[in-house]
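These notes are about the structure you will find just below.
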Amino acid sequence: MNIQEKNNLSIISNPIVNQSLCIMRNQNTDTQGVRLAARKLTRILLYEATKNLPQKEVEIETPIARCNSMTINDDITIIISPILRAGLIFTDEAVDILPQATIRHIGMYRDEKTLKPVWYYNKVPMPVDNPEKYYVFITDPMLATGNSLKEAIKLYVEKGIPEKNICCVCMISSPVGIEAVFSEYPNVKIIVAAVDSHLNERGYIVPGMGDAGDRIFNT
Ligand code: URA
């Protein structure tokens, strides 16, 4: 896997990632094709996003012998926070690989005129005990203006969760979106598969994949 790392940004590339992006971006790919490619991609991105989760050593018994084995520390709380609706595409893969995770949905839509996020659902309750033991993965396939991600990050930072424990997992991003997030939250992590050229006048990523929610949910 080729990982380009710039401070807290990781850009993931390998043949499966590239093929998935190619399928998703193509306007001739139908919904089923977009979903399949997106799910493949989410799994790879999530593997990368979770690579520094704290681990511990436990003693287990295999059918053959006793041995010590590493596993994810069970005294941490793992939260997957999909930004509705397109961020939902990450959840099935996320709960498959992290069955202990809590899913906390965040509902925001983008005002077409202002491009600012408008809240309609927040499943992130107060308060949080031991916030330093929380690890949060905010998922949204498109990091465009960065406005929704910043709102989502703020929710968790306000509860005392360290920025370094918050990871934004996205597929396609824009340079301005990345810059916008890091200018307010320099210590969060951002994992993406692509950084595209720019945003158009309607706030869409160019070349991007169009409206990710519409492409994934066939609307
Ligand atoms: N949201 C999308 O679905 N697509 C974009 O290009 C930007 C934001």
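Assorted remarks:
- Wholly within the range 1-92, strands (runs of 3 or more DSSP E) carrying at least 1 residues that are surrounded by 14 or more Cβ atoms within 10 Å (Cβ to Cβ): 9-13, 66-72, 77-84
- Selection of the range 1-34 for residues being closer than 19 Å to LYS164 by Cβ and among the charged types (D, E, K, R) yields GLU5, LYS6.
- In the range 174-195 there is at least one residue matching the filter, namely being at pLDDT 95 or above and within 11 Å of the ligand (Cβ to nearest atom).
- Residue match in the range 184-191 (condition: under 16 Å from the mean Cα position of the chain (by Cα) and of a type in the set (Lys, Arg)): yes
- Being in contact with a helix residue (DSSP H, G or I) (Cβ under 9 Å, 6 or more places away or on another chain) and not hydrophobic (A, V, I, L, M, F, W, C) holds for only one residue in ASP129, ASP96, ASP74, ASP111, and it is ASP96.
Every residue, every condition in (1) within 14 Å of the ligand (Cβ to nearest atom); (2) at pLDDT 95 or above; (3) hydroxyl-bearing (Ser, Thr, Tyr), yes or no:
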residue: ILE80; (1), (2), (3): no, yes, no
residue: ALA86; (1), (2), (3): yes, no, no
residue: ARG104; (1), (2), (3): no, no, no
residue: MET108; (1), (2), (3): yes, no, no
residue: PRO117; (1), (2), (3): yes, no, no
residue: TYR121; (1), (2), (3): no, no, yes
residue: PRO125; (1), (2), (3): no, no, no
residue: TYR134; (1), (2), (3): no, yes, yes
residue: PRO141; (1), (2), (3): yes, yes, no
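- Among the residues of the range 79-133, those identified as more than 16 Å from VAL157 (Cβ to Cβ) and of a type in the set (Asp, Glu) are ASP92, GLU93, ASP96, ASP111, GLU112, ASP129.
- Test: residue in the range 5-20 that is touching a Leu at 6+ places or on another chain (Cβ under 7 Å) and not aliphatic (A, V, I, L, M): yes
- Scanning the range 132-174 for residues that are in contact with a helix residue (DSSP H, G or I) (Cβ under 6 Å, 6 or more places away or on another chain), surrounded by fewer than 24 Cβ atoms within 10 Å (Cβ to Cβ) and among the polar types (S, T, N, Q) yields a single hit, THR145.
The values are calculated or read from the model by the stated rules, or taken from the named source; none is laboratory data. Just so you know, these numbers come straight off a predicted model, no measurement behind them. Note that we place each Cβ from the backbone using ideal geometry, even for glycine, and neighbour counts take in every protein chain shown.
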